[in-house]
Amino acid sequence: MRKLFILAGLILTLTGAAIGRAQRQMPEFTPDQKLRLAAAVIENYYVEEVNSDTIVDEAIIAMLRTLDPHSAYSTPDETKELNQPLEGKFSGIGIQFNMVEDTVYVIQTTSGGPSEKVGIRPGDRIISANDTVIAGKKMQNSGIIKVLRGPKGSRVDLKVKRAGEPQLLDFILTRDDIPIYSVDAAYMVNDSIGYVSVTRFAESTDREVRQAADSLARVGMRHLILDLGNNGGGYLGSAVELAEEFLQKGDPIVFTKGLNTPPSYFNAERTGTIPVDRLVIMVDQYSASAAEILSGAIQENDRGLIVGRRTFGKGLVQRPFPFPDGSMIRLTTSRYYTPSGRCIQKPYEKGKGEEYQLDMLNRYNSGELWHRDSIHLDTTQAYKTLRNGRTIYGGGGIMPDVFVPADTSNYSAYYRDLVAKGVIIKYTLNYIDTNRKALLKAYPTEEAFAERFEPTQEIIDGLIAAGNEAGVEFKQESWDTSHTLILAVLKGLMIRDLYENGIYVRATNPLSNDFNEALRLISDPARYARILRGESDEQ
């Protein structure tokens with residue numbers, strides 16, 4: 001044993017001497033050489049077998065962590081998943097589902113998709129896919145998606161439980177390309193005001209918004225509320241294309257610049273075709289990146305007004321650098337600037353990603369989400385809008401023209417637990433299963449349901465009983481606080497389940513402070529014009 005220790009010590013001494021000689025022979029020991037030497041030392045002398053791929057991956061991740069909060073590395077599988085929501089499609093069976101307890105419920109089928117073609121309906125429970133049992137397994141959504149998605153043209157055999165059917169139903173589907181939509185809601189609020197919600201900026205976003213707007217214009221839309229709340233962004237090109245729909249040819253939209261990249265300027269190459277007069281954009285603290293580019297362009301060209309809260313402040317441009325194995329580095333190469341020169345990116349310190357991630361908590365603690373006066377305005381970063389000369393401020397994110405405090409007045413622990421345990425959605429699906437035909441007969445259109453349907457006392461009692469059964473104890477005080485929200489969510493789920501492409505927010509928008517403020521503003525042409533001119537907002 002003593003001989004082994006002596007031998008090990010000799011090897012370490014020789015290794016150290018070899019490295020020492022190598023260092024003396026290198027007049028310039030570059031960081032690149034140091035990294036290669038470190039990898040070689042680990043691979044050749046580490047006490048156990050080394051997975052070189054893992055070491056390289058972790059080294060890249062660690063390097064990027066020292067730069068900024070948004071430069072990132074993704075494995076081949078992660079890269080594929082990252083690209084799918086932006087590329088606008090994937091191959092699968094074409095359903096929207098929810099996992100409630102240990103059961104997969106079909107919420108909607110994609111129009112024209114494989115599931116709709118074979119007759120799968122909202123409310124169906126998927127028991128198994130091919131040889132994989134799904135029901136009762138409490139699988140994660142990611143695991144279910146892997147089972148249901150697959151190569152275009154591949155076959156999947158589903159066993160489905162449907163209410164009223166004593167036996168499981170067998171469906172044979174052929175996977176196909178499934179579109180991922182950017183517009184998740186578009187409807188007329190009244191005779192002249194339309195509402196369109198955009199959840200992401202993908203390849204098809206501009207086309208989807210134009211189609212939605214054209215459809216609404218045919219039934220009288222003259223003014224538009226564009227909802228970008230919770231929109232985390234996406235493709236720069238999609239934001240530019242959508243901005244063009246509302247601007248004049250030549251209007252500036254955004255520019256980028258960085259240390260090693262020349263400035264790029266994006267101006268409207270055509271005059272917009274969406275026929276709206278007054279335009280109001282809804283944003284919140286989660287609106288980011290491309291959503292901020294569009295909002296900033298509309299605001300600074302004095303084309304419309306922004307309602308809500310200061311946006312996220314994600315203004316770093318990531319350029320993808322793919323590797324042959326399918327992995328990828330998304331490296332920050334420049335910053336986004338609004339037409340007047342405001343940097344959209346909020347401040348950060350290199351290598352302090354954890355502090356950066358706490359920004360939203362800091363906003364919460366400072367009161368910024370509830371009080372405009374709590375927002376720190378950097379007066380050294382005052383800018384002017386391009387047409388009317390209104391004063392706007394930089395410092396990160398887009399400051400709305402009309403501030404709306406976040407609303408938690410309908411929130412309670414009782415509502416939280418009903419949602420967390422899937423009580424509302426499960427009860428809704430069961431109720432729809434039993435009463436679908438009667439409901440569709442009484443309310444043949446989505447509009448009729450949205451305008452006339454109100455949950456009966458029988459429905460309310462059933463929901464409360466379902467909550468008690470799931471361990472969510474009924475409390476009158478909490479019900480008094482949240483019942484309006486609870487019943488609006490229930491009604492929205494019913495709309496979504498009963499009608500093809502049913503619009504959930506028809507029921508929940510009337511409870512949204514952001515939506516109601518946007519509606520008040522766009523309905524008041526004098527106030528709208530006054531704010532657009534930069535005058536005080538006297539209500």
Strands (runs of 3 or more DSSP E) within region 149-191 that include 3 or more residues more than 30 Å from Leu216 (Cα to Cα): 155-161, 169-174
Criterion violated by Glu300 - all others in (1) of a type outside the set (S, T, N, Q); (2) buried (at least 23 other Cβ atoms within 10 Å of the Cβ); (3) within 23 Å of the chain's Cα centre (by Cα) satisfied: (3)
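For (1) touching a strand residue (DSSP E or B) at 6+ places or on another chain (Cβ under 8 Å); (2) hydrophobic (A, V, I, L, M, F, W, C); (3) at pLDDT 95 or above, each residue gets a yes or a no:
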| residue | (1), (2), (3) |
| --- | --- |
| Met188 | yes, yes, yes |
| Thr199 | yes, no, no |
| Arg210 | no, no, yes |
| Ser215 | yes, no, yes |
| Gly237 | no, no, no |
| Leu242 | yes, yes, yes |
| Ile253 | yes, yes, yes |
Residue within region 111-130 that is modelled with pLDDT under 75 and assigned to a strand (DSSP E or B) present: no
Residues that are crowded, with 18+ Cβ neighbours inside 10 Å and modelled with pLDDT of 85 or more, drawn from region 355-382: Glu368, Leu369
Residue within region 370-393 that is outside the structural domain of Ile281 (by TED's automatic domain parsing) and free of Cβ contacts under 8 Å to residues at least 40 places away in the same chain present: no
Pick from region 383-405, criterion surrounded by 14 or more Cβ atoms within 10 Å (Cβ to Cβ) and of a type in the set (Gly, Ala, Ser), ranking: modelled with the lowest pLDDT: Gly395
Region 317-354 - residue that is closer than 29 Å to Asp373 by Cβ and modelled with pLDDT under 90 and, of those, surrounded by the fewest Cβ atoms within 10 Å (Cβ to Cβ): Glu354
Whichever residue in region 35-63 is part of a loop (DSSP other than H, G, I, E, B) and more than 42 Å from the chain's Cα centre (by Cα) and, among such residues, is surrounded by the most Cβ atoms within 10 Å (Cβ to Cβ): Tyr46
In region 467-521, residue surrounded by the fewest Cβ atoms within 10 Å (Cβ to Cβ) [restricted to those that are of a type in the set (S, T, N, Q) and without any contact (Cβ under 8 Å) to a residue 24 or more places away in the chain]: Gln476
Test set (1) part of a loop (DSSP other than H, G, I, E, B); (2) touching a His at 6+ places or on another chain (Cβ under 9 Å) - Ile398 fails condition number: (2)
Test: residue in region 448-468 that is in contact with a Phe, Trp or Tyr (Cβ under 6 Å, 6 or more places away or on another chain) and either of a type in the set (Asp, Glu) or assigned by TED's automatic domain parsing to the domain that holds Ile306 (or both): no
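The values are calculated or read from the model by the stated rules, or taken from the named source; none is laboratory data. All values reported here derive from a predicted model rather than from experimental measurement. Backbone-built Cβ (ideal geometry, glycine too); neighbour counts: all protein chains shown.
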